[in-house]
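One structure below.
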Amino acid sequence: MLSRRELLATTGSTLAAAACSVPPRSTTSVTAAALSTWPKVREQFLLSREYLHFSQFFLVSHPKTVRDAIERYRRMLDDNPFLTMERTPEMKLRVRGAAAEYLGGKPEEVVLVDSTTQGLALIYQGLRLRPDHEILTTIHDHYVTHEAIRLTTERSGASSRRIALYDAPHTATRDEMVDRLRRAIKPATRIVGVTWVHSSTGVKVPIRELANVVADANRGRADADRVLLVVDGVHGFGNQEPTVAELGCDFFAAGCHKWIFAPRGTGIAWARPSNWALLRPTIPSWSSSELHHAWEDGRSPSGPADATWIQPAGFKAYEHQWAMPEAFAFHRELGRGRVEARIRDLNSQCKEGLAKIPGVTVHTPRDPSLSAGIVCFDVAGLLPKDVVKKLLEKKVVASESPYKLSHVRLAPSLVNDEAEVDMALRAVRAIA
Ligand SMILES: Cc1ncc(COP(=O)(O)O)c(C=O)c1O
């Protein structure tokens, strides 16, 4: 059992009240000059030169400044774990501040999690649902969204329903997706759960427009019956220019160990304070002085809940969590617009090139406003897993989408360039 002093030092809860006023310490270890060209950006990664890495979206390779920060914190912790924890109570606040700055929100709106999966679980499990409530989701979402929904409906007795936002991904349109959601929301619908970029098809969903549909549905509803929009944002977080706060959703979860380049095993969940207040914590928290005082006094905590109530406790791989600001600094120095444009251009080159190869069917929309960094396709007569295998023989690291209807995925990202996309296209042509 932790002593009170240990607990407060561990969580930084002595500073919790100051969370809103503590600005993130700016991290300047990566400079814009070091990232001024794409070859320089590539040099930040230790990714083997033997392969063409088109699956960087799956699990990050840490860029140099993130690696260095992890090493710095690891040394501090190895040198003296107890005193390092005692002397650095501000670290969690600094990390939440850096995440908030990137996502366009406030530090007190951010919960640090270890993955998209954990963030979604905290949100879906935390919702106070009744048997007459319905969760409306789509057939396109990842297993973890569907499982989080299944688990929460099993416990609450609420129901769930899945709709298709489009029939064929390559013909998906913004209007169709918006219209299908509008028609699907019923009086019982309390939650709409969607994914920003589908890792099944590469389709980017117009979250802002879907949020408008939800806002329309909420007109005339009492506060307690408001429909809430929950977004799995992992494949848009780190490659799209709009900030999370601009998307208009109520809850957002994303691992930071994919497009953000933060350490493996890190992620965020985000909501406005009025939405965190709707949740019940799932995992004990060390970050709330109210929860701790209630425990000490032998009483029930007095709400409303806030992000600190939802923040999962337990010791972490702090060298990874504390290095997260370096990744947000990496994006800040790169520039959001520049990142989005680069990923759009490389993905367009990849889609256009694939579409010209006889026997290849591209499923991801060609329209960059309906896609992001993942290109899904098939090669006639070959199973996706065999295409992936054959590409690997040609040193191209592709992946197969982990869905019932599976496709081959190439995900051109900041670690690739035009020549590499051409080489990958030549490899596909040789296989097809
Ligand atoms: C759409 C989507 N959501 C969630 C996940 C799981 O992410 P995490 O490993 O951060 O839990 C994945 C897997 O890569 C995914 O493709």
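The values are calculated or read from the model by the stated rules, or taken from the named source; none is laboratory data. Computed from a predicted structure; not experimentally measured. We place every Cβ from the backbone using ideal geometry, glycine too, and count neighbours over all the protein chains shown.
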- Item | Subset of the stretch 101-120 (residues that are part of a helix (DSSP H, G or I), of a type outside the set (S, T, N, Q) and either within 9 Å of the ligand (Cβ to nearest atom) or at pLDDT below 95 (or both)) | 119, 120
- Task: Sort out which residues of the stretch 250-274 are surrounded by 24 or more Cβ atoms within 10 Å (Cβ to Cβ), within 25 Å of residue 181 (Cβ to Cβ) and over 9 Å from the mean Cα position of the chain (by Cα), and write them in order of number.
- Result: 251, 270, 271
- Task: Please give the number of the condition residue 140 fails out of (1) farther than 12 Å from residue 193 by Cα; (2) within 16 Å of the ligand (Cβ to nearest atom).
- Result: (1)
- Within the stretch 53-68, is even one residue assigned to a helix (DSSP H, G or I) and either among the aliphatic types (A, V, I, L, M) or buried (at least 22 other Cβ atoms within 10 Å of the Cβ) (or both)? yes
- Query: If you go through the stretch 288-313 one residue at a time, how many are crowded, with 21+ Cβ neighbours inside 10 Å and under 22 Å from the mean Cα position of the chain (by Cα)?
  - Reply: 7
- Message: So, residue 362, is that one touching a strand residue (DSSP E or B) at 6+ places or on another chain (Cβ under 6 Å), without any contact (Cβ under 8 Å) to a residue 24 or more places away in the chain, on the phi < 0 side of the Ramachandran plot and not small (Gly, Ala, Ser) or not?
- Response: no
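Among the residues of the stretch 143-162, what is the count of those that are β-branched (Val, Ile, Thr) and either surrounded by fewer than 17 Cβ atoms within 10 Å (Cβ to Cβ) or within 15 Å of the ligand (Cβ to nearest atom) (or both)? Give the steps one after another, and end with the answer.
Here is the first cut: in the stretch 143-162, the residues β-branched (Val, Ile, Thr) are 144-145, 149, 152-153.
From the residues that got through so far, the ones that are either surrounded by fewer than 17 Cβ atoms within 10 Å (Cβ to Cβ) or within 15 Å of the ligand (Cβ to nearest atom) (or both) too are 144-145, 149.
The total comes to 3.
Please determine whether any residue of the stretch 388-397 is closer than 17 Å to residue 258 by Cβ, within 16 Å of the ligand (Cβ to nearest atom) and touching a strand residue (DSSP E or B) at 6+ places or on another chain (Cβ under 6 Å). Let's see the steps before the verdict.
Looking only at the stretch 388-397, we keep the residues that are closer than 17 Å to residue 258 by Cβ, and these are 397.
Narrowing the set further to residues that are within 16 Å of the ligand (Cβ to nearest atom) leaves 397.
If we keep only those that are touching a strand residue (DSSP E or B) at 6+ places or on another chain (Cβ under 6 Å) too, we end up with 397.
For the stretch 388-397, residues closer than 17 Å to residue 258 by Cβ, within 16 Å of the ligand (Cβ to nearest atom) and touching a strand residue (DSSP E or B) at 6+ places or on another chain (Cβ under 6 Å): present.
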- Message: Looking only at helices (runs of 4 or more DSSP H) that lie completely in the stretch 208-313, which have at least 3 residues being more than 16 Å from the ligand (Cβ to nearest atom) and assigned by TED's automatic domain parsing to the domain that holds residue 128?
- Response: 273-276, 289-297, 307-310
- Message: Here is a list: 375, 408, 428, 387. Which entry is crowded, with 16+ Cβ neighbours inside 10 Å, closer than 19 Å to residue 58 by Cα and more than 25 Å from the chain's Cα centre (by Cα)?
- Response: 387
